[in-house]
Amino acid sequence: MIRKLIRDSRGNNLVEAAIITPLMVFLTFSIVDFATVLYAYLALENGVSQATRFAVTGNLLDDPDSPGTKLSRRDSIITTMRNATPTLTIEDAAFSFKHLPPGAGAWVDGTGGPLDVEKVSVTYDWSILSPVLRPFFTDGQITLVVDSAMKNEGRFE
């Protein structure tokens, strides 16, 4: 009778499914989390690149709240970044602007002027979606930092 019970294979599929299903769910959520972090990083890279390209022109955007008036240079660059990344909410404090004047050896805070090298940096915290993975990261977040540097055009108009 004991041999018969040991050789009985009924229910093996259920046991195997009970072992494998949680692992497959964990793997699936991990893949989704990785994909969303990668999406956020690529969106930020594209946005900061677009913002830097706009910054080197020296142009200013119109203020959407009061037509006819221009935004500041800093606000114009931030608006360009936000327009390039509409699915992400980026706070003003996440932006950092530095410039390298011609012949200088160190970055200086600010947006710079003609012939300076302009550097736009964005720091963004992405929250992990999966509650299983969240404890492995500080505060359940990954900090993404992207920046782009380009030389300002010689003449701002």
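Once fully extended, how much extra length lies between Thr28 and Asp8, figured as 0.36 nm per residue of separation less the alpha-carbon to alpha-carbon distance?
Additional length available on full extension: 3.9 nm.
May I ask you to give the percent of accessible area on the chain that is carbon plus sulfur, with a probe radius of 1.4 Å?
Of all accessible area on the chain, carbon and sulfur atoms account for 61 percent.
Sort Lys119, Lys70 from largest to smallest accessible area, using a 1.4 Å probe on the heavy atoms of the protein chains.
Lys70, Lys119
If I model the stretch 1-101 as equal point scatterers sitting on the Cα atoms and use the Debye formula, what is log10 I(q)/I(0) at q = 0.15, 0.16, 0.19 Å⁻¹?
Listed by q, the Debye log ratios stand at -0.76, -0.81, -0.97.
Going by accessible area, probe 1.4 Å, with all protein chains left in place, what is the ranking of Trp126, Trp107, largest first?
Result of the area sort, largest leading: Trp107, Trp126.
Heavy atoms only, 1.4 Å probe, whole protein assembly: order Met150, Met24, Met81, Met1 by accessible area, highest first.
Met1, Met24, Met150, Met81
Going 7 Å from the Cα of Phe136 along its beta-carbon direction, which residues of the stretch 18-59 have the amide nitrogen within less than 15 Å of the resulting point?
Answer for the stretch 18-59: 23-38.
Using amide H atoms built in the peptide plane, which far-off residues or other-chain residues are under 5 Å from Asn152 H to H?
Hits under the 5 Å cutoff: Leu115, Asp116, Val117, Glu118.
What is the chain's relative contact order, in percent, from Cα pairs under 8 angstrom and six or more apart in sequence?
In percent, rounded to a whole number, it is 24.
Would you kindly find the accessible area of Asp139, with a 1.4 Å probe and non-protein molecules such as ligands, DNA and RNA excluded, rounding to the nearest 10 Å²?
Rounded to the nearest 10, that gives 140 Å².
Give the angle, between 0 and 90 degrees and rounded to the nearest 10, that separates the Cα long axis of helix 12-55 from the longest principal axis of the Cα atoms of the chain.
0
Find out how many positive minus negative residues lie around Glu91, taking Lys and Arg as positive, Asp and Glu as negative, among other residues whose Cβ is under 13 Å from that of Glu91.
Result for the local shell: -1.
Express in Å², to the nearest 10, the accessible area of Thr80 obtained by rolling a 1.4 Å probe over the protein heavy atoms while all chains stay in place.
About 20 Å², ignoring ligands and nucleic acids.
Run the Debye formula on the Cα coordinates of the stretch 55-142, all scatterers equal and no solvent, and tell me log10 I(q)/I(0) at q = 0.15, 0.19, 0.22, 0.25 1/Å.
Log-scaled intensity ratios, in q order: -0.71, -0.91, -1.06, -1.22.
Output the 0 to 90 degree angle, nearest 10, between the alpha-carbon long axis of helix 73-84 and the longest principal axis computed from the alpha carbons of the chain.
Helix 73-84 sits at roughly 30 degrees to that axis.
Identify all lysines with a Cα-Cα distance to Lys151 below 25 Å; exclude those on the same chain that are fewer than 8 residues away in sequence.
Within reach: Lys70, Lys98, Lys119.
The values are calculated or read from the model by the stated rules, or taken from the named source; none is laboratory data. Just so it is clear, the structure is predicted and the values come from calculations on it, not from any experiment. A quick note on method: Cβ atoms are made from the backbone with ideal geometry, for glycine too, and the neighbour counts reach across all protein chains shown. Only protein heavy atoms, including side chains, enter the accessible area calculation; ligands, DNA and RNA are left aside. Shrake-Rupley method; radii C 1.70, N 1.55, O 1.52, S 1.80 Å.
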